[in-house]
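Asker: Handing you this structure, nothing more for now.
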Amino acid sequence: MYLYEENYFLSHILNTSKQKLFDILEKKEEAYLSFRIPKQRGERKIDGLKPGCELRQIQLRLKNNFLDTIPLPLPAKGFAAGENYISYLRAHCGKKYFLRLDIQDFFPSITEKHLEDALSEYVKDEAVRRAMIEIGTLNGGLPQGGVTSPALSNLVFRRIDQRIFKYCQKVSDRYEGANSACDEIIYTRYADDLLFSSKYFDFGSVTTNG
């Protein structure tokens with residue numbers, strides 16, 4: 001789906017008026033309830049939307065009526081239709097070598113500039129892009145706990161996922177071309193968790209320099 005016109009965005013995607021959306025966004029900080037939960041190292045800040053608040057409803061409509069209609073690349077397994085944590089792991093069954101990476105501060109590190117770049121491919125109206133960014137962000141980044149945060153993060157990482165996927169294919173082709181026993185390198189991502197696996201490619205000892 002591509003969006004070209006503000007009136008369509010307001011009436012068909014958000015089911016609201018321009019003035020009503022303005023009023024909701026004017027008070028968006030009040031719609032969040034912030035708290036911290038422990039994690040392996042330190043704490044994680046959660047900015048959750050209050051149940052029943054109008055911003056939650058607006059974000060839900062944006063997610064269901066637009067963001068969820070954008071196709072995602074194969075590696076994206078988190079918050080994608082028909083995918084889950086099991087499918088994130090299933091692709092790696094039977095492999096011998098594994099590499100797992102974690103992106104620090106995943107949601108807050110996604111800025112308004114990242115969103116502008118990612119949305120520009122699908123949203124041609126600048127006012128609509130600006131509205132989507134205002135709806136989905138808090139203090140300049142994606143709030144961990146926002147309804148639209150997972151879908152927006154997948155959209156930002158869409159091209160990154162594609163590039164990593166193609167790079168894994170190039171590395172596999174290179175070693176196969178050198179008569180080295182190396183099967184396809186598998187890559188999947190679940191939010192901030194990146195997982196790579198192979199039957200023969202030892203990530204700890206094989207280098208790709210040269």
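The values are calculated or read from the model by the stated rules, or taken from the named source; none is laboratory data. From a predicted model like this one, the values you see are computed outputs, not experimental measurements. Using ideal geometry, Cβ is built from the backbone for each residue, glycine included, and neighbour counts are taken over all protein chains shown. What goes into the accessible areas is simple: the full protein's heavy atoms, side chains included, and nothing from ligands, DNA or RNA. Shrake-Rupley method; radii C 1.70, N 1.55, O 1.52, S 1.80 Å.
Asker: At 222 nm, what value in deg cm²/dmol follows for the chain if DSSP H runs of at least 4 each add -39500 (n - 2.57) and the sum is divided by all its residues, to the nearest 500?
Answerer: Mean residue ellipticity, 222 nm, calculated: -10500 deg cm²/dmol.
Asker: How would region 3-104 be classified by its alpha-carbon gyration tensor: rounded, prolate or oblate, with rounded meaning a/c under 1.5 and the a/b versus b/c comparison settling the rest? Working shown, then result.
Answerer: On the way: a/c = 3.46, a/b = 1.53, b/c = 2.26.
Oblate, because a/c is 1.5 or more while a/b does not exceed b/c.
Asker: Right, here's the next one. Tell me, what ³J(HN,Hα) does each residue in region 165-171 have, in order and in whole Hz, if you take phi through Karplus 6.51 cos²θ - 1.76 cosθ + 1.60 with θ = phi - 60° and put x for Gly and Pro?
Answerer: 4, 5, 5, 4, 5, 5, 5
Asker: Next question. Rounded, prolate or oblate: pick one for region 62-108, where a ≥ b ≥ c are the square roots of the eigenvalues of its C-alpha gyration tensor, a/c under 1.5 means rounded, and failing that, prolate if a/b is larger than b/c, else oblate.
Answerer: Working: a/c = 3.17, a/b = 1.57, b/c = 2.02.
Here region 62-108 falls in the oblate category.
Asker: Ok, one more. Rounded, prolate or oblate: which fits region 115-154 when a ≥ b ≥ c are the square roots of the eigenvalues of the alpha-carbon gyration tensor, with rounded for a/c under 1.5 and prolate only if a/b beats b/c?
Answerer: prolate
Asker: Exposed loop chymotrypsin sites (Phe, Trp or Tyr not before Pro) only (DSSP loop, at most 14 other Cβ atoms within 10 Å): please give the longest stretch of the chain free of them, not including the sites.
Answerer: The segment 5-202 is the longest one with no such site.
Asker: Starting from the 7 Å offset along Cα-to-Cβ, what nm value, one decimal, do you get for the label separation of M1 and K166?
Answerer: Calculated label separation equals 2.8 nm.
Asker: Something else now. So what are the chain's ellipsoid semi-axes, whole angstrom, largest first, if each one is the square root of 5 times an eigenvalue of the alpha-carbon gyration tensor?
Answerer: 37, 20, 14
Asker: Right, another one. If r is the Cβ-Cβ distance from Y8 to S109 and R0 is 41 Å, what FRET efficiency results, to the nearest 0.05?
Answerer: 0.85
Asker: Within 10 Å of each candidate Cβ there may be at most 11 other Cβ atoms; applying that plus a DSSP loop requirement, which trypsin sites (Lys or Arg not before Pro) in region 53-100 survive?
Answerer: Filter output for region 53-100: K96.
Asker: Past the 30 Å Cα-Cα mark, which pairs from K20/K50; K28/K166; K96/K166; K45/K166; K20/K124?
Answerer: Numbers: K20/K50 18 Å; K28/K166 39 Å; K96/K166 21 Å; K45/K166 34 Å; K20/K124 22 Å.
Long pairs (Cα-Cα over 30 Å): K28/K166; K45/K166.
Asker: Please state the relative contact order of the chain as a whole percent: Cα pairs under 8 Å, 6+ residues apart?
Answerer: Taking the mean separation of contacting Cα pairs over the length of the chain, I get 27 percent.
Asker: How large, in percent, is the carbon and sulfur part of the accessible surface of the chain at a probe radius of 1.4 Å?
Answerer: Carbon and sulfur: 51 percent of the exposed surface of the chain.
Asker: Hey, another quick one. Which distance in nm do the two modelled labels at I46 and I70 give, with both placed 7 Å along the Cα-to-Cβ direction?
Answerer: 2.6
Asker: Give the accessible surface of the chain per residue, rounded to a whole number of Å², with probe radius 1.4 Å and ligands, DNA and RNA excluded. Show your work: numbers first, answer last.
Answerer: On the way: 11830 Å² over 210 residues.
With all protein chains present, the chain gives 56 Å² per residue.
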